[in-house]
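Structure record follows, encoded as structure tokens.
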Amino acid sequence: MSNFVMDRRRFLGAGTGALCLPLLGAGKAFAADATIRMVWWGGDERARRTNEAVKAFMAANPGITVEPESMGWDDYWARLATQVAGGNAPDFIQMDYRYMFEYARRGAIRPLDEYLGKELKIEDFGKVNLASCSVDGKLYGGNVGVNSFGTIYDPAAWEAAGVEAPALGISWEEFAEKCAAFAKGNSKPKFHASADGSGSESLFEGWLRSHGKALYTDEGELAYTADDAAEWFRYWADIRASGGCVAPDIQALYKNTIETAPLSTGHAATDFAYSNQFVGFQKLNEATLAITGEPVKTGGQPGQYLKPSQMFSISANSEYPAETAMLINFLIRDPAGALILGVERGVPASPEVRDLLIPQLDEPSRKAVEYIASLTPYVGPLPPAPPQGAGEMNAVLIRISQEVGFEAATPEQGGAKLVDEAANVLKRG
Amino acid sequence: MTEAAHHDMPGRTGSHPYLRSGLLHALLMAASFVMLYPILWMLAGSLRPASELFGGDAGLIPSQVTLKAYADGWFGLQVNFGRFFLNSLAISVLATLGNVFAASLVAFAFARLTFFGRRFWFALMLGTLMLPYHVTLIPQYVLFLKLGWVNTWLPLIVPKYFAVDAFFIFLMVQFFRGIPRELDEAARMDGCSAWRIYRKVILPLSMPVLATAAIFSFIWTWEDFFGPLIYISNMKMYTVQLGLRSFVDSSGTSSWNELFAMSILSLVPIFLIFLFFQRLLIEGIATTGLKR
Amino acid sequence: MVVGDASPAGLPAAGHAVSGSRPSGFIRRNAAGYLFLAPWLIGFFGLTLGPALASFYLSFTDFDLLTSPKFIGAVNYVRMVTADTKFDAAIRVTFVYVALSVPLKLAFALAIAVALNRGLRGLTVYRAVFYLPSLLGASVAIAVLWRQLFASDGMVNAVLSLFGIDGPSWISNPHYSLYTLVALSVWQFGSPMIIFLAGLRQIPSDMYEAASLDGASPLRQFVRITLPLLSPVVFFNFVIQTIEAFKAFTPAFIISGGSGGPIDSTLFYTLYLYQEAFGYFRMGYASALAWVLVVIIALFTAFAFLTTRYWVHYDD
């Protein structure tokens, strides 16, 4: 079949020509003063907004070219780590609270203190919002959005069950009682008052803090005991037993995404998530949702705190750190850029930007902003920096909460296990 | 041309031939529905509104049909989705050409030639199949970075011309060994060199496996996600898979409808390639006339 | 065709080779072989060996990706064997997955290939339909689709409820979640099926005609003609599918959301590796895990090759 081989050879010739195209068009601008590679994670909505803002930035700063890239959260960190390991990190890096500590401590991103007041005019963010993006006293990221954990619920569903929905200031005990009452008054099959929050590290943290404890101490050790953890698991075991929360296999469907949360899959009337996910939840749910604070301990400490939803950082090896700082400022502080980004990444930390934004917001976004505003008087201080291994502890908690949920372990055993594994994980780092 | 003429296993001469073939058809059709159900559901998902996707009663029939997802998916990203299709097509074609050609050369060596260390190289070749790519990822990235190939398509295409995909070598070895040696020996006695044996004897008789290899190579290159993720930064050079992944962000809202719509569309070209090469698979036998 | 000549190394026995009889010896005799092998040799030494050796070195280091690797000796390997419970879970999960998915997948692939090879009407359509799921390989849409089928209110439970059975949430229950992944793998049997079809096509029809003239039943023909002649292809599919099952990553990653849960019930080995490498910044340990996997797979493959003398029939 000599024809077959001949055709291949002709193809190869044409192919080499086609090959050259992406080589030539690989997007390096000529005669620019600075070229910044920029990377973030998010969906296409965020990409649309960010690209528009970037265009505005380039129009306002003709000497700077920005090359934007984005992808989903799942792929972001593997790709970023590969590029950093290869010495090819992008200049502008969107950062997450937990990863920021890892990257900062290993010197992969640079401190931004030298740009404060100059390229980064973000003093009006306030001490708390600046401190929340700092590691060991140095600023490592520009706060993109203020965020806090919260309770998202469907008011109509609670009404249908004949129980008053949870509101700001409700206690943990009251919450459990309401869930039990919901189970009695509910007529929808396979539907419960609440998701099973035992595996949610943020909720656990809120519970610990309201009881005067915390996840970690300043020295990076565990700040709770096996008894505390057992009490936490016992709390949720009781709710589970009373039918107040979803069954463990429903909760196990939750993959830390909005569409797998029991609220979105139609199994629960209440769920727990970060406030900047509220808009996403509303998009996937037909019913009109509302957001309020986590339960508290009557007479206890404030459980919640204001956290940065994400931050913008600069790579340690960036050739154009000052220009990158300008870009960061444009996106989070300059109304020309910040208004384009909106509250899609979180409530802006600058009061001025926030006020400018509010009139343009749609209903769900406004609710998220109002939630942060109403919560702010009741928040406590930032917790200590998470130690190395904190990320792994998150996964350990989920796993043990599942073991308790599926009754492979009692709450007491779960508590002991959690503390034991924590000892290993934190030691390893 | 009726396919029934080929390799028709006797059995139709048994009793109740129509009942048996009818039963077979019924089973196959039931199996087909089961196989296709998830894809049908995805098709339905591409046509229904977002709020209906994950709630309680998301069956096969959408309550309202809208083509919005297709429009949003095609035009909604920074770059037109059609561009991604062209990119994937170019990369897949180039990679497949290299893969099939190079693998056939190497497989011929293993299957038909003797040389010092042949077993050793064969074992090494198989060994390259066993290492998970996540750990060679970073050293390879550094290698390509030094070559200046990062942010181009080169890391996805050039290695194929050097037969790095041991799967295809192994596949062809097994098939080449099924071709009778008498043909080789006859050619040698006529004074043919190894190259002529390869071209005139082995290749023509290997249409089924070459077509198979082409199908797989094309489809796998089309489906490959991790390679493009690491090596392509410029969105204009994205492949279809990268484009699809950009609809999904597990930390926030994902555009599931658009993802489903574009996934359905992206099945079309590879399906067509598959159908096209299927015929080569069948026709290959007709033209080679393999007889003893 | 003498079975005894089948070489255990899976290559043609040296005695059958037709080598030149020129006296200029070594170079002449090996030139052709090495010339044809050249592309692979260049690729291997240029692109594969370096990174593989580098990853082997990394397995003896503490490498957090963001700073340089620090040599620590065999610490990673020791920890893996003595103190890592997740390693045990990953091994267990992966072995079960391989043991279940490979035979099932091959059985379906062979059965359907044989059925389709009979020259049915609509053959092209069926073949395409059965291959279609394989085209969805690494799609993120798979996670949603599979949840649609196997979640508590999914399609499978809807069908079961017709029979009065109230099914659990298969995909999120630690006792059953792994089986949903086996089902996903088996659902994508299209690839080995195509290879079987190509192999079946290489079997000349006059063999069957001769046999049925002799009065052999279809079953006998299958066992005596099809299977032996197809055995090189069966062997190929078996080895390849086993290797790929050991290395399986994307299904578990996408469906468990990267967690390997619930309760590590879907913690595939390479998923665990990925978590260590990119989730917890322990690339050194991940490299050690990878090389242990290579050894495991190599042992399996070597064993498989040793068995070929008993059941695989090559024509040379």
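Every read-out reported here was derived from the displayed coordinates using simple, explicitly stated rules and does not represent laboratory data. Since this is a predicted model, take the numbers as computed values, not measurements. All Cβ positions, even for glycine, are placed from backbone atoms using ideal geometry, and neighbour counts span all protein chains on display.
Relative contact order for chain B: 27 percent, from Cα pairs under 8 Å spaced at least 6 residues apart, divided by residue count.
Please compute the net charge surrounding A:VAL39, taking Lys and Arg as +1 and Asp and Glu as -1 over other residues with Cβ under 15 Å from its Cβ. Write down the numbers at each step before the final one.
On the way: positive: A:ARG37, A:ARG46, A:ARG79, A:ARG345, B:ARG245; negative: A:GLU67, A:GLU69, A:ASP74, A:ASP75, A:ASP91, A:ASP96, B:ASP249.
So the surrounding residues net to -2.
How much net charge surrounds A:PHE406 when only the other residues with a Cβ under 13 Å from the Cβ of A:PHE406 are counted, with Lys and Arg +1 and Asp and Glu -1?
Details: positive: A:ARG240, A:ARG399; negative: A:ASP196, A:ASP249, A:GLU403, A:GLU407, C:ASP264.
So the environment of A:PHE406 carries a net charge of -3.
Take chain A, connect every pair of alpha-carbon atoms lying under 10 Å apart with a spring to form a Gaussian network, then pick out the residue of A:LEU289, A:LEU339, A:LEU253 with the largest mean-square fluctuation. Result: A:LEU253 has the largest fluctuation of those listed. The spread of Cα positions in the range B:79-288, taken along each principal axis and listed from longest to shortest, comes to 68, 40, 25 Å.
Farthest towards the positive end of the charge dipole of the range C:185-316, among the residues C:GLY279, C:ILE296, C:SER217, is the Cα of C:GLY279, using unit charges on the Cβ of Lys, Arg, Asp and Glu.
Of chain A, which part is the longest with no trypsin sites (Lys or Arg not before Pro) in a loop (DSSP not H, G, I, E, B) and with at most 16 other C-beta atoms within 10 angstrom? Walk me through the numbers before you get to the answer.
Values: sites that count: A:LYS28, A:ARG106, A:LYS118, A:LYS121, A:LYS190, A:LYS213.
Result, exposed sites excluded: A:214-429.
Here the range C:185-254 and the range C:98-131 have alpha carbon centers that stand 9 Å from each other. Grouping the Cα pair distances of chain A into 20 Å bins from zero gives a pair-distance distribution of 24, 51, 20, 4, 0 percent in increasing distance order.
Within 10 Å, at most 10 other Cβ atoms, and a DSSP state outside H, G, I, E, B define an exposed site. Report the longest part of chain A free of exposed GluC sites (Glu not before Pro). The longest such stretch corresponds to A:1-218. Could you state the number of Å between the C-alpha centres of the range B:232-257 and the range A:231-261? If we compute the Cα centre of each part, the gap is 31 Å.
Springs join every pair of Cα atoms under 10 Å in this Gaussian network model of chain B, and among B:TYR18, B:TYR231, B:TYR133 the largest mean-square fluctuation is at B:TYR18.
Stokes-Einstein diffusion coefficient for the protein assembly as shown at 25 °C in a medium of 0.890 mPa s, Rh from the Kirkwood formula over Cα pairs: what value in µm²/s?
Working: Rh = 30.8 Å.
In µm²/s, the coefficient is 80.
Other residues whose C-beta falls under 11 angstrom from the C-beta of A:ARG110 contribute a net charge of -2, scoring Lys and Arg +1 and Asp and Glu -1. Counting Cβ atoms of other protein chains within 10 Å of each residue's Cβ and taking the mean over peptide C:59-66 gives 5. Counting Cβ atoms of other protein chains within 10 Å of each residue's Cβ and taking the mean over peptide B:177-186 gives 4. Residues B:PHE116, C:PHE60, C:PHE303 in ascending order of nearby Cβ atoms (within 10 Å, fewest first): C:PHE303, B:PHE116, C:PHE60. Residues C:LEU299, C:LEU49 in ascending order of nearby Cβ atoms (within 10 Å, fewest first): C:LEU299, C:LEU49.
With an 8 Å cut-off on Cα pairs and a minimum separation of 6 or more residues, tell me the relative contact order of chain A in percent. Walk me through the numbers on the way to the answer.
On the way: 731 pairs, mean separation 105.4, N = 429.
Relative CO of chain A lands at 25 percent.
Close amide H pairs (under 5 Å, H built 1.01 Å from N) link A:SER134 with A:TYR140, residues at least 5 positions away or on another chain. Note on B:32-40: average number of Cβ atoms from other chains within 10 Å of each residue's Cβ is 6. By the count of other C-beta atoms within 10 Å, a proxy for reagent exposure, B:ILE91, C:ILE225, C:ILE27 are ordered fewest to most as C:ILE27, C:ILE225, B:ILE91.
Taking every C-alpha pair closer than 8 Å and separated by at least 6 residues, the mean separation divided by the residue count of chain C gives a relative contact order of 32 percent.
What's the Kirkwood radius of chain C in Å, using all Cα pairs? Numbers along the way, then the final one.
Working: mean 1/r = 0.0434 Å⁻¹.
Kirkwood radius, chain C: 23.0 Å.
Computed from Cα atoms, the angle from the helix B:118-127 axis to the main principal axis of chain B rounds to 10 degrees.
Membrane-span-like helices in chain A, defined here as complete DSSP H runs extending at least 27 Å along the helix axis by their C-alpha atoms with mean Kyte-Doolittle hydropathy no lower than -0.5, are A:2-24; this is a sequence and geometry rule, not a statement about a membrane.
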